[in-house]
Amino acid sequence: MNQQWQERKRPARLERRYEFQDYGTLRDFLDRAAELSEREGLYPDMGFGRDYVNMTIHVSEGEEMLDDTHRRFAERLDALVDAEAGGKTV
């Protein structure tokens, strides 16, 4: 998993900010992230502006710790950005 993901303990979650060259590139990423969420059944919180998105992956209700499912999902989000020519991460 990319070192730019921050693991928080209370509540257990992963956090990361992605930045993009423009809104169109961000929008493409958000669309692909939505498709990934549907396939994986994980729905991160997202807050975004014109050229960035802050992602937070929370544990499922009733769980207290992050597991490999959450970490793999974060890696798959990173792969979406890596596949996007205009994407850069901060």
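One table, with the values for the structure above:
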{"item": "Per-region count, the range 9-48, residues touching a residue at least 12 places away in the same chain (Cβ under 8 Å) and either within 14 Å of V59 (Cβ to Cβ) or outside any strand (DSSP E or B) (or both)", "result": "20"}
{"item": "Within the range 49-64, tally of residues that are free of Cβ contacts under 8 Å to residues at least 24 places away in the same chain and of a type outside the set (G, A, S)", "result": "1"}
{"item": "Filter result for the condition that a residue is touching a His at 6+ places or on another chain (Cβ under 9 Å) and more than 20 Å from A83 (Cβ to Cβ), over R13, R50", "result": "R13"}
{"item": "Residues (surrounded by 12 or more Cβ atoms within 10 Å (Cβ to Cβ) and either farther than 15 Å from A83 by Cβ or of a type in the set (K, R) (or both)) located in the range 16-26", "result": "R16, R17, E19, Y23"}
{"item": "Test set (1) assigned to a helix (DSSP H, G or I); (2) in contact (Cβ under 8 Å) with a residue 60 or more places away in the chain - T69 fails condition number", "result": "(2)"}
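FYI, it's all coordinate maths here, none of it is from the lab. Model, not experiment: these values are computed from the prediction. Glycine gets a Cβ as well: all are built from the backbone with ideal geometry, and neighbour counts include every protein chain shown.
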